[in-house]
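Asker: Got a structure for you, written out below as structure tokens; questions coming shortly.
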Amino acid sequence: QVQFVESGGGLVQPGGSLRLSCAASGFTLSQSYMAWYRQAPGKERETVARISSFGQILNYADSVKGRFTIARDNYKRMVYLQMNSLKPEDTAVYFCNAVAGRNSWSPIYSWGQGTQVTVSS
């Protein structure tokens, strides 16, 4: 059974940093592109960042480019999102998921519970 467990969220002041973690299980992680998504209250879920199977290709939404960094450790079955220079508009629930491949940002599996990130002074 595929499972994602996201963690690392919290309350942070504008300009602060957080590191999110995603523990993935139930599928062959090393063969999968992975992505982070977020959903703010009242808004649709959006893609934040994507990473290729072995981490050689990184893609970011324009809204987070230069501030967020996606990484992975296939041996530990983990995907990470380092978030710096956080802004109030980054407030959302963050999720991870596998994507279909290099030409897709669409998630493949059911969602985990996500982790709440709140940026506020």
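Asker: Over the chain, with a Gaussian network built from C-alpha contacts below 10 Å, which listed residue (G66, G15, G26) shows the highest mean-square fluctuation?
Answerer: Top of the fluctuation ranking is G26.
Asker: Here is a further query. Using a Förster distance of 30 angstrom, determine the FRET efficiency expected from the C-beta separation of D73 and S120, and round it to 0.05.
Answerer: Working: r = 31 Å, r/R0 = 1.02.
Computed FRET efficiency for D73 and S120: 0.45.
Asker: If you don't mind, there's one more thing I want to ask. Among all the lysines, which ones have a C-alpha under 21 Å from K87's C-alpha, if same-chain residues fewer than 8 places away are not counted?
Answerer: Candidates past the 8-residue exclusion: K43, K65.
Asker: Hey, what's the chain come to in accessible area per residue, 1.4 Å probe, Å²?
Answerer: Working: 6320 Å² over 121 residues.
Here the per-residue accessible area is 52 Å².
Asker: How high is the FRET efficiency between A40 and V5 when r is their beta carbon distance and R₀ equals 25 Å, given to the nearest 0.05? Intermediate results must be reported in sequence, preceding the final value.
Answerer: Details: r = 21 Å, r/R0 = 0.85.
That gives a FRET efficiency of 0.75.
Asker: With each pseudo-label sitting 7 Å past Cα toward Cβ, what's the I108-D62 distance in nm, one decimal?
Answerer: So the label points at I108 and D62 sit 3.0 nm apart.
Asker: Counting only other residues whose beta carbon sits under 9 Å from that of V117, what net charge do I get with K and R as +1, D and E as -1?
Answerer: Working: positive: R38; negative: D90.
Value of the local net charge: 0.
Asker: May I ask you to give the percent of accessible area on the chain that is carbon plus sulfur, with a probe radius of 1.4 Å? The partial results should precede the final answer.
Answerer: Numbers: 2950 of 6320 Å².
That fraction is 47 percent.
Asker: What ratio of Cα Rg to 2.2 N^0.38 Å holds for region 1-78?
Answerer: On the way: Rg = 13.2 Å, N = 78, 2.2 N^0.38 = 11.5 Å.
Compactness ratio reported: 1.15.
Asker: A further question follows. Quick check on the chain: of the DSSP beta bridges with both residues there, what percent are antiparallel, nearest 5%?
Answerer: Values: 36 of 39 bridges.
Counting only bridges with both partners in the chain, antiparallel ones make up about 90 percent.
Asker: So what is the relative contact order of the chain, in percent, for Cα pairs below 8 Å that sit 6 or more residues apart?
Answerer: Details: 300 pairs, mean separation 43.2, N = 121.
Dividing the mean separation by the residue count of the chain yields 36 percent.
Asker: Taking the Cα centre of each part, how many Å lie between region 37-54 and region 57-121?
Answerer: 6 Å
The values are calculated or read from the model by the stated rules, or taken from the named source; none is laboratory data. Note that the structure is a prediction, hence the values are computed from the model and not measured. Please note: Cβ atoms are built from the backbone with ideal geometry, for glycine as well, and neighbour counts cover all protein chains shown. These area figures cover heavy atoms from the full protein model, side chains too; ligands, DNA and RNA do not enter into them. Shrake-Rupley method; radii C 1.70, N 1.55, O 1.52, S 1.80 Å.
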